[in-house]
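Chemist: The following block contains the structure, expressed as structure tokens.
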Amino acid sequence: MRVFISRFVWAVLYFLVLTVFGTVGYVVLQGWSLHDALYMTVITVTAVGYSEVLPMTAMGRNFTMLLLAGGITGMGLWFALITSFIVELDLKDVLRRRKTMTEISKLKDHVVICGAGRTGRQIMEELLSLGQTFVGVEHDSKRVQAVHELYPDVLMVTGDATLDVHLTAAGIEHAKGLVTCLNADTDNVFVCLSARDLNPGLTIVARASEDETVDKMYRAGADHVVSPNVSGAIRMASMLLRPEVVSFLDLASRSPGLRLRMEQASIGPDSRLAGLTLMDARIPQQTGLLIIALRKLKDEKHHFVFNPAAETRLDPGDEMIVMGKPEQIAQLKDYVRA
């Protein structure tokens, strides 16, 4: 962009110098007034050439031919500059989209975020802090630009998330999760339907503004539905009745010096912790994490065990709910897999 600005400045200076040169030349050679000389210069430089303002001498006609050659040359350069500027913009856009598509095609187990409004950008910030790769889908180019200004390296697909082609462009077939937070509930329902059809194993989280659409989203394929109205009401009631608890959670999750997270970790069949008790696993000693709950499979149903005892056994398929810093959580996942 800076290169084109400097070129445009030089082109403008060229025409200014040529105009001054022609005006002074007509005043000196023809003895015309400043206004007549300027008018003759302008119609000659721009190749309009209505007619000679006043009778002209042979010297004046030679000067006009010289001025006309300079004007045509300048106009050619000016149009070439504008054309190259337009082509450069289109080429940059094409190359950027091609680069984005290439990077998306390499992704696996990423998250697709449909909608880049305030909620979508907040989700992006949260996933970035957790190191989770994701692709955003947004039809509003201004919102896409706003995201790139905040997070230059974020992969974005510009298009309507309710259309399969744009979900496919975001790598929905290889994604592990999708969040749809579009403005209209009907659009979120369409996204759930399309996403479930394109990737049956996808985990889908949808936002519902109206209570009556919650059940529809579940029927459309959503695994989890979040209602901002309900969540906001619960938070407001909690701030009224349990202000210190809310303050602690805000401090733990948002304070730069104390950034705690609640995370889950799975116990796989090959995990080193499978078959051990919590006492033998020594997770707090190894990672510094706090184990809040266990999600265990019993009678073909999952049950939560809150504040599990030290003798609780870790079986394959169990999910641990822990709380700690991001680096401690990453250490736990390595420890569980080892």
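The values are calculated or read from the model by the stated rules, or taken from the named source; none is laboratory data. Small disclaimer: the values here were computed from a predicted structure and weren't measured. No Cβ is skipped: glycine too gets one built from the backbone with ideal geometry, and neighbour counts run over all protein chains shown.
Chemist: Do you know which of the residues in the stretch 216-243 that are of a type outside the set (A, V, I, L, M) and modelled with pLDDT of 90 or more is surrounded by the most Cβ atoms within 10 Å (Cβ to Cβ)?
Modeler: Restricting to residues being of a type outside the set (A, V, I, L, M) and modelled with pLDDT of 90 or more, the top hit is GLY221.
Chemist: Give me the strands (runs of 3 or more DSSP E) completely within the stretch 277-338, filtered to those with at least 1 residues that are under 13 Å from ARG261 (Cβ atoms) and modelled with pLDDT of 85 or more, ordered by residue number.
Modeler: 290-298, 319-324
Chemist: Let me ask another. Cβ-Cβ below 7 Å, separation at least six or inter-chain, first residue in the stretch 179-207 and under 14 Å from HIS166 (Cα atoms), second of a type in the set (Lys, Arg) and not in a loop (DSSP other than H, G, I, E, B): which pairs?
Modeler: Taking only residues 6 or more apart or on different chains, the pairs are THR180/ARG207.
Chemist: Among the residues that make up the stretch 79-97, is at least one of them under 54 Å from the mean Cα position of the chain (by Cα), surrounded by 13 or more Cβ atoms within 10 Å (Cβ to Cβ) and under 30 Å from ALA175 (Cα atoms)?
Modeler: Yes, because at least one residue in the stretch 79-97 is under 54 Å from the mean Cα position of the chain (by Cα), surrounded by 13 or more Cβ atoms within 10 Å (Cβ to Cβ) and under 30 Å from ALA175 (Cα atoms).
Per-residue answers, yes or no, for (1) under 11 Å from the mean Cα position of the chain (by Cα); (2) within 16 Å of ALA175 (Cα to Cα):
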site	(1), (2)
LYS99	no, no
ALA116	yes, no
GLY131	no, yes
PHE134	yes, yes
SER141	yes, no
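Per-residue answers, yes or no, for (1) touching a helix residue (DSSP H, G or I) at 6+ places or on another chain (Cβ under 6 Å); (2) crowded, with 18+ Cβ neighbours inside 10 Å; (3) assigned by TED's automatic domain parsing to the domain that holds GLY131; (4) at positive phi:
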position: LEU289; (1), (2), (3), (4): yes, yes, no, no
position: LEU294; (1), (2), (3), (4): no, yes, no, no
position: VAL305; (1), (2), (3), (4): no, no, no, no
position: GLY317; (1), (2), (3), (4): no, no, no, yes
position: VAL322; (1), (2), (3), (4): no, yes, no, no
position: LEU332; (1), (2), (3), (4): yes, yes, no, no
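Chemist: Being under 12 Å from LEU178 (Cα atoms) and assigned to a helix (DSSP H, G or I) narrows it down to one residue among VAL191, VAL205, VAL214, VAL245; which is it?
Modeler: After ruling out the rest, the residue left standing is VAL191.
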